[in-house]
Amino acid sequence: MATVTYDAASRIYPGSTKPAVDALNLDIEDGEFLVLVGPSGCGKSTSLRMLAGLEDVDRGAILIDGKDVSNLPPKARDIAMVFQNYALYPHMTVFDNMAFALKLRKTPKSEIERRVKEAAALLNLQEYLDRKPKALSGGQRQRVAMGRAIVREPQVFLMDEPLSNLDAKLRVQTRSQIAALQARLGTTTVYVTHDQTEALTMGHRVAVLKDGLLQQVDTPRNMYDKPANVFVAGFIGSPAMNIKTVKLGDNGAVLGGLAVPLTREAVAKAGEGADGKVTVGFRPEDVQLVGEGDGGLSMTVDLVEELGSDAYVYGRADLDGAEEQFVIRTDGRHTPNMGDTVYLKPQSTPHIFNAATGERIDG
Amino acid sequence: MTQTAVTEPTGTPPSAGVKHRGVGDRSLTFDVIAHVLLILWSLLVVLPLLWVFVSSFKTTQEVLGSPLTLPHHLNLNNYATAWNDSGVGPAFINSVIVVGFSLVIVMVLGAMCSYVLARFRFFGNRFIYYLMLAGLTFPVFLAIVPLFSILKNFGLLNTLAGLVVTYVAFALPFTVFFLHAFFKRLPYDVYEAAQVDGAGEWRTFFQVMLPMARPGLASVAIFNFLGLWNQFLLPTVLKPDNSVLTQAMAQFQSQAGYAVDFGALFAAVVITVAPVLVVYIIFQRQLRGSVVAGAVK
């Protein structure tokens, strides 16, 4: 049980001038499940490896339970890690894989036996304890990797995309198992993924990174409802939010033939350095299809994706002379046909961002 | 391939059928030729060995009189003669001692050296590696005279220990060269997992990395064993009193002149060859398959 603090921690790889992780500030509470998410190359794995002690901290510091561990080797940090490709010891049985760390700590034999058996029971691995990793399926190997971390009873769990090698169904299943396990053990967990669904479903809080810079840390709900900038707005949510940069009028944004009214303060903030433009975003589900005369934005339908309960409608609309792509969610039982013209109207106030900085504007 | 040629359905277009049958015929011919060659090759290798083994139970008269028949009665006199009277016995034991010690030392040193060169970045890494490779290109007979002087100065000339040291130096470059490539390919994640689990560098090497390198170690061990077991030049110069097996064999053969005891000679050959076969059988299981299977993904 411990807190984890990144204090302006940076990592600059040798031979590169640009930091892979740039002055990361992050406070993770005791028992929290924090998910680091971002596109590939955003520095999320590097951040995790810095915490593990597998990468140097070039500037700043990392603290576990208030103690600076920046210069300690991995074994002195009391952390356990689950690797993306599991990294099991191929020549050891499942039992020995899990017991290895305990043996190194000179844990009494009976204690090792007890803890491994417990973890095996928790992960449904009892009957595989005598097998070698090569005789296991991908899902079983993943559980052994989890077990190896659990038996350690460490201060912090680190997980580096542990589900990315599983098939889709198993991934969803294991996702909920890991979340339940973490809730039960109550161990502080830092989890890295590139999958925003995983991030939203598993994390108590989610941290979005891009190009080594922290974009936003928040609960999944807030992350979805109030993205801090255009990048987070586009990254979180599937299909992605419709984000368009349009003309800024005196009373609000002008989305083709559709006016989006904004408060005076919002207009002022949006206008700062933005050259008369504003960025408007609305999620696919926040759009209503209206009749022809109801003042909606007209869109030609290109593609309809039927998902049973819902359908996603992809199409093009004319915005100030440029054709722009839009996606909206509709009732799966009443879908327009390809080539139809439909009329869109945002149901709620759209997300507004400064067109120059990409920062969110509230109001 | 032969199967598809035979069961070719008649309904296929003629052009496709002809083309396919052509391929099938060619591969059938190829298969036949390949198998005939392989069988011939196997016979070439196995038959002399078998003949030597059978002949080692015969008397000289039998060997010369009826070379292709089985021995009249099974007797082990030839082995006793070869072992006791011709000096093959003590030489065999010396060979086992020298090659055994050399092999253990060269494998331990070679594995450690190649592991460090393959996986740690430090100043001079490349330089040491290329120095090792240079040792590989250096013909050993060019170093014979200086080697003689060096061992003499150390007081190791004509001792088994001196031979062991020389064998180790002789076999190390290839061992490092081969294992370097092997250690480079081992997954880094497993190393990191061991670090996080709390293993130090030594323990990681001996308990995690070394077991994963087992197929590579086995291949090099076999190669080194063969090379050192059959070594003749080095012992002739550095241990001149005929005390390892190759020397004893050479002497046995040459001193007999026209009165060769062929039965005993063949027995001595069997004694020489047997350990090689035993070592190969022990290690060849390790060669098959990859030990790393199941480590990652």
(request) Give, as a single signed number, the net charge of other residues whose beta carbon lies under 13 Å from the beta carbon of A:LEU258, with Lys and Arg counted +1 and Asp and Glu -1. (result) -1
(request) For peptide A:80-87, compute the average count of partner chain beta-carbon atoms within 10 Å of each residue's beta-carbon. (result) 6
(request) Compute the Cα gyration tensor for the range A:201-314, then decide on rounded, prolate or oblate, letting a ≥ b ≥ c be the square roots of its eigenvalues: rounded whenever a/c is under 1.5, prolate when a/b is larger than b/c in the other cases, and oblate in all that remain. (result) oblate
(message) Below 8 Å, C-alpha to C-alpha, sequence gap of six or more: please give me the relative contact order for chain B in percent.
(response) 28 percent
(request) May I ask which residue of A:VAL267, A:ILE64, A:ALA356 lies farthest towards the positive end of the charge dipole of the protein assembly as shown, with charges of +1 (Lys, Arg) and -1 (Asp, Glu) on Cβ and the Cα centre as origin? (result) A:ILE64
(request) Report, as an integer, the average count of C-beta atoms from other chains found within 10 Å of each Cβ along B:185-194. (result) 6
(request) Quick one: grab the alpha carbon gyration tensor of the protein assembly as shown, order the square roots of its eigenvalues as a ≥ b ≥ c, and give me rounded if a/c is under 1.5, else prolate or oblate depending on whether a/b is larger than b/c. (result) prolate
(message) Which order do the peptides B:54-61, B:144-151, B:29-36 come out in when sorted by mean C-beta neighbours inside 10 angstrom, highest first?
(response) B:54-61, B:144-151, B:29-36
(request) Would you grab the residues whose amide H sits under 5 Å from the one on A:GLN288? Only those 5+ places off in sequence or on another chain, please, with H modelled 1.01 Å from N. (result) A:LYS345, A:GLN347
(request) Please work out the C-alpha center-to-center distance from the range B:203-220 to the range B:135-197 and express it in whole Å. (result) 17 Å
(request) May I ask for the net charge around A:VAL287, where only other residues with Cβ less than 10 Å from the Cβ of A:VAL287 are counted and Lys, Arg are +1 while Asp, Glu are -1? (result) +1
(message) Restricting to DSSP H runs of at least four residues, report the calculated mean residue ellipticity at 222 nm for chain B, -39500 (n - 2.57) per run over all residues, nearest 500 deg cm²/dmol.
(response) -23500 deg cm²/dmol
(request) Rank-order A:263-270, A:151-158, A:302-309 by packing density, defined as the average count of other C-beta atoms within 10 Å over each peptide's residues, highest first. (result) A:151-158, A:263-270, A:302-309
(message) To make sure I understand the rule: partners must be aspartates and glutamates, Cα under 13 Å from the Cα of A:LYS244, and not fewer than 8 residues away in the same chain. Which ones qualify?
(response) A:ASP318, A:ASP320, A:GLU323, A:GLU324
(message) For B:ILE222, A:ILE328, which order do you get if you count the other beta carbons within 10 Å of each Cβ and list the fewest first?
(response) B:ILE222, A:ILE328
(request) Past 26 Å, Cα to Cα, is the threshold; run A:LYS67/B:LYS184; A:LYS210/A:LYS269; A:LYS18/A:LYS277; A:LYS18/A:LYS67; A:LYS67/A:LYS109; A:LYS226/A:LYS247 against it and keep the listed order. (result) A:LYS67/B:LYS184; A:LYS18/A:LYS277; A:LYS18/A:LYS67; A:LYS67/A:LYS109
(request) Rounding to the nearest 20 debye, state how big the charge dipole of the protein assembly as shown is about its Cα centre with +1 on each Lys and Arg Cβ and -1 on each Asp and Glu Cβ. (result) 2340 debye
(request) Under a 10 Å cutoff between Cα atoms, tell me which one of B:ALA264, B:ALA82, B:ALA193 has the largest fluctuation in the Gaussian network model of chain B. (result) B:ALA193
(request) Considering only B:VAL244, B:VAL98, B:VAL46, give the residue with the highest GNM mean-square fluctuation for chain B, with springs between Cα atoms whenever their separation is below 10 Å. (result) B:VAL46
(message) Based only on other Cβ atoms within 10 Å, what is the fewest-to-most ordering of A:TYR224, B:TYR130, A:TYR6?
(response) B:TYR130, A:TYR224, A:TYR6
(request) Could you pull out the pairs from A:LYS106/A:LYS134; A:LYS75/A:LYS134; A:LYS44/A:LYS169 whose alpha carbons sit more than 31 Å apart here? (result) none
(request) Rank these for me by crowding, B:TRP51, B:TRP202, B:TRP83, going from fewest to most other beta carbons within 10 Å. (result) B:TRP202, B:TRP51, B:TRP83
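Read the figures in this text as sums done on the coordinates, not as results from a lab. The structure displayed is predicted, hence computed values, not measured ones. Backbone-built Cβ (ideal geometry, glycine too); neighbour counts: all protein chains shown.
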